[in-house]
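The structure appears right after this line, and notes come after that.
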Amino acid sequence: MLLISFGGDTIFKFASRLTFPALLPPTARCPAFAPTLLPPPMMFADFTTLLRPGRRSCRSHFALVCAAVSLHFGGFGDAPAAEPKSLAPIQAFLAKHCVECHGDSEPKAGLALNNVRAAGEILKKRKSWQSVLEMVEADAMPPEDRPRPAAAETQAFVEAVERIFDDYDRSAKTDPGRVTMRRLNRAEYDNTVRDLFYGTDFNAAEDFPSDDVGHGFDNIGDVLSMSPVLMERYLAAAEMISRKVVLTELPKPTLRQSYAKNFRPARGAGPIKDGFAVVTDREKKPGRESGPLWQDVPLGERDEYMFRAVCYAEREKNLPVKLAVFVAGEQITQPADDKQLAELNGNALRQTVPLRVVQVVEVKARDPKKPTQLEVRLPAIAGVRRIGIALVKTEKGSPPATLYVKSFGVEGPLDVRPYAMRRFMQCDATKPHAEQTREILARFATRAYRRPATKEEVDRLVKLVESAEAAGEKWEAGLQLAVQAVLANPKFLFRAELDDRPTAVESRPLDEYQLASRLSYFIWSSMPDDELFALAAKNELTKNLDAQVRRMLRDPKASALVDLFAMQWLQLGRLTSHMPDQTTFPEFKEPLRQAMLTETKLFLGEIIREDRSIVDMLDADFTYMNASLARLYGVYDTMGNGGGRKKVPGGQSFRSDQTWQRVTLTDGIRGGLLTHAGILTVTSNPTRTSPVKRGKWVLEQILGEPPPPPPPNVPELEQQKDKLTGSLRERMEQHRSNPACAGCHAKMDQLGFAFENFDALGKFRTKDGEDAIDPSGVVEGVKFQGPAELKKLLVAKKDDFARCLTEKLLIFALGRGLEYYDERAVARVVAQLKKNDYKFSTLCLEIVRSEPFRMRRGSQDLALQPTE
């Protein structure tokens, strides 16, 4: 429930499925529903109760608020547009050559050009007008069957439109745009909760309703709605998380005990005497009884444990006997070096490395009836998978030592509080109880709200805890309520960029905390970490922006760019529900589906991690494969048919779907995103390939040139009344003979047919049934033969790809669609990419440096403000 107050008085309670902008016409500007732009008296308060029966409808409340806000701010409306020096050449050219097809009545390609009265109208549709210029300059428009414009007409038209663009581009006035206050989407919510509670995954958003998608992504503020169902799920998630983070009753530490007969090594321990495992230090060749002894016991890397061993020793003259307590695992930190290992006895020692010696202790007990219980505290160590003891070697020539061990015991974690609880409740124990509460909640609210919590906000949370204690509840129960209150607060659920000048015309920088949030949600899809918070607190983030971007891209959390940006940009999310026909493609099973997704994730992960060129996305000499994918790609016969296995270059072979290998590609056919099986599959039909879908995908996701929607009442290939005959290519050419289809399909089909050598799963082939495949094509007058040559053609157009990827990533970074005033930012990013070998880090750095990312403005378009 959202409570909106004005001047301190409650005027509106709102709980609607609609987003705030959805209730307004597109041109309306209502500050009440852009809380990032509200002045101090108007703000969102906490969630309260849901609407009760009998209240007026949401729309009635909405009308009341809009009326009040309109009076306060002087109404709604766009800024007046600046007039160009002369629109006459543009209007004359359009009237003579364009409006017949692109008028008000069903304009072709959805592009109406009959009503151009101001330069602002051209600027607002700049991308469409750039396409118009390209078509006119290439003499592709007007159509061939229409009279050709004179060269002077064309030149005057082109120069007039370009003059509008140039005047705007040279203007000192810049417009960073305006971002609707966004709630966290499902992935951002889970990631934020994970990092808010120090790496603890709760997967609380699993039950949330799915997020709406706008401009190809699910983090767009204008479409992220707040429904009553989602509000209920937020409250339920807050309660669940609070109970898992703050326990009111603590369990006892767990004790895991092992006895002599269960000790390892794998080849069997030495002899057992009266229930004691025997380990001896002999001068002769050591055997099984030389040790060491261990037990597989995985330990938490953030927890401390107590190790206990019941044992006694024997040695002539009562000489000292020492043993080393060690922990081991493949990923153990600070492993023992060769010098330390040389001091330990044991034929099976090599089975335990890498290991780390925790402590060397002396065994003083000599009586089997009175064994000693040794205790060694194990600090928090990452990578522990087993724990054991080894006899320390005696001096050469001295009497050997024998150790008898009855049992091992590992107790812990010693601090039974969950790690998140320990971090959450860290405070100065010497402070009074009330001050400890305030310290805990001030830190927590600051991290949750992604900015310093105010004294009033902390006071309310402290009072909540104190009220619970006054009612007889435990302190921890009161803290649970405070956690719930924060997690159900709009200041946590929404990315609010509060503004004390919501109607100011000039652009200005975001504050440091707002910039930290934009940066972290762009690269990590999560909240800022401690380093970003620290820099923001010192007002030093802006001057350290480049270093922070590079650091964040190296962080494992940057995988969010692959999982959340790339999967949506490439439309690979559809693969999770795509189901090829099982009769035609019986080999398509769930492991292959997952392998297709993983290949692309690993490939893009390397480009980000190694800071490779984005051009590698178009054509690369490597990919990743497991057994299922290798079999699909024909790299070798994983079933061993024919009596052997064909290894891939470099000598690799594949034995399971769990093992992934980086494979060098040499044939020039595979390589780059366009030939990944996942992309070839989602751009196919269930029973066959689809050159139309594949060509459309290349135009939209690679070149940034989406074709217009298909005309109405044109049937798909299989649904045409006059059945088409011949190969798929021949049938497509017959389908394209329809004049309504020819314009768009001419380029789209040519691109799609380049991939016809790959079937609907991405397997290479030379025939489609009985028909030989013809993968040739012509694009913009350039001929190509198959995917290898098409990729070379696309690499030659890498600036178009760079622009497309920049636009997609900028949309994702800003959480809004791009407007005409963003063109300069896009052009600057592309220019810097060209200067820096198209490195992925350059792409991210330039987006973060751009004005749309770092700056903000009020509610009116700056570019269209009248100049003085």
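The values are calculated or read from the model by the stated rules, or taken from the named source; none is laboratory data. Please read all numbers here as calculations on a predicted model, not as lab measurements. Positions of Cβ are generated from backbone atoms using ideal geometry, with glycine treated the same way; all protein chains shown enter the neighbour counts. In case anyone asks, the SASA skips ligands and DNA or RNA and just uses the protein heavy atoms, side chains included. Shrake-Rupley method; radii C 1.70, N 1.55, O 1.52, S 1.80 Å.
How big is the dipole moment of region 138-179 about its Cα centre under a simple scheme where the beta carbon of each Lys and Arg is +1, that of each Asp and Glu is -1, and everything else is neutral? Debye, nearest 20, please.
220 debye
Rounded to the nearest 10 Å², what accessible area does M135 show when all protein chains are kept and the probe is 1.4 Å?
80 Å²
Please report, in whole Å, how far the alpha carbons of region 767-831 spread along each principal axis, starting with the longest.
Answer, in whole Å and largest first: 51, 24, 17 Å.
Would you mind counting up the charge near D337? Only other residues with Cβ under 14 Å from its Cβ, with Lys and Arg at +1 and Asp and Glu at -1.
0
Using 1/(1 + (r/R0)^6) with R0 = 60 angstrom and r between the beta carbons of K693 and E473, what's the FRET efficiency to the nearest 0.05?
Working from the Cβ atoms, E equals 0.50.
Which of Q334, G275, A309 sits closest to the plus end of the dipole of region 229-351, meaning its Cα is farthest towards the positive end, when Lys and Arg get +1 and Asp and Glu get -1 on the C-beta?
G275
State, as an integer percentage, the relative contact order of region 234-393 based on alpha-carbon contacts under 8 Å between residues 6 or more apart.
31 percent
Please report how far the C-alpha centroid of region 315-331 lies from that of region 156-233, rounded to the nearest whole angstrom.
Each part reduced to its Cα centre gives a spacing of 59 Å.
Determine the dipole magnitude for region 274-433: charges of +1 sit on the beta-carbon of Lys and Arg, -1 on that of Asp and Glu, nothing else is charged, the reference point is the Cα centre, and the result goes in debye to the nearest 20.
So the dipole magnitude of region 274-433 works out to roughly 160 debye.
What is the spin-label model distance, in nm, from A772 to Q359 if the labels are put 7 Å beyond Cα along the C-beta direction?
Here the answer is 8.0 nm between the modelled labels.
Amide H neighbours of N347 under 5 Å, counting only residues 5+ apart in sequence or on other chains, H built in-plane at 1.01 Å?
Residues meeting the criterion, in which the H sits 1.01 Å from N, are S290, G291.
What whole number of Å gives the distance from the Cα centroid of region 579-626 to the Cα centroid of region 358-401?
50 Å
In debye, nearest 20, what is the charge dipole magnitude of region 783-833 about its Cα centre with +1 on Lys and Arg Cβ and -1 on Asp and Glu Cβ, if you could check?
220 debye
Using +1 at the Cβ of each Lys and Arg and -1 at the Cβ of each Asp and Glu in region 428-543, identify which of S526, V458, G478 lies farthest towards the dipole's positive end.
S526
Quick check for you: with a 1.4 Å probe and neighbouring chains kept, what is the accessible area per residue of region 502-624, in Å²?
39 Å²
Around S407, with a cut-off of 12 angstrom between Cβ atoms, what is the net charge of the other residues, counting Lys and Arg +1 and Asp and Glu -1?
Charge balance near S407 sits at +4.
Given the protein chains as shown and a 1.4 Å probe, how many square angstrom of H215 are accessible, to the nearest 10?
Answer for H215: close to 110 Å² accessible.
Just the accessible area for F840, please: 1.4 Å probe, Å², rounded to the nearest 10?
Rounded to the nearest 10, the figure is 10 Å².
Please list 118-124, 692-698, 158-164 highest first by mean number of surrounding beta-carbon atoms within 10 Å per residue.
Ranking the peptides 118-124, 692-698, 158-164 by packing returns 692-698, 118-124, 158-164.
With an 8 Å Cα cut-off and a minimum separation of 6 or more residues, compute the relative contact order for region 413-518 in percent.
Dividing the mean separation by the residue count of region 413-518 yields 21 percent.
Among K124/K557; K125/K557; K693/K783, which pairs are too far apart, with a Cα-Cα distance over 29 Å?
Among K124/K557; K125/K557; K693/K783, the Cα-Cα distance tops 29 Å for K124/K557; K125/K557.
Mind ranking E144, E846, E239 by accessible surface for me, highest first, 1.4 Å probe?
Result of the area sort, largest leading: E144, E239, E846.
Under 10 Å from the Cβ of A277, count the other residues' Cβ atoms, weight Lys and Arg +1, Asp and Glu -1, and hand me the total.
+2
Considering only protein heavy atoms, what per residue accessible area in square angstrom results for region 769-863 with a 1.4 angstrom probe?
It amounts to 37 Å² per residue over region 769-863.
Roughly what would the spin-label model give for K538 and K369, points 7 Å off Cα along C-beta, in nm?
Taking the two extended label points, one gets 6.8 nm.
Name the residues whose placed amide hydrogens come within less than 5 Å of the amide hydrogen of R386, ignoring near sequence neighbours (fewer than 5 apart) on the same chain.
V297, A328
Accessible area, 1.4 Å probe, largest first: how do M240, M855 sort?
Output order, biggest surface exposure first: M240, M855.
What residues have an amide H closer than 5 Å to that of L665, excluding those fewer than 5 places away on the same chain, when H is modeled at 1.01 Å from N in the peptide plane?
Those lying under 5 Å, H to H, from L665 are F622, T623.
Heavy atoms only, probe 1.4 Å: what % of the accessible area of region 358-513 goes to carbon and sulfur, would you let me know?
Summing carbon and sulfur atoms, their accessible area is 52 percent of the total for region 358-513.
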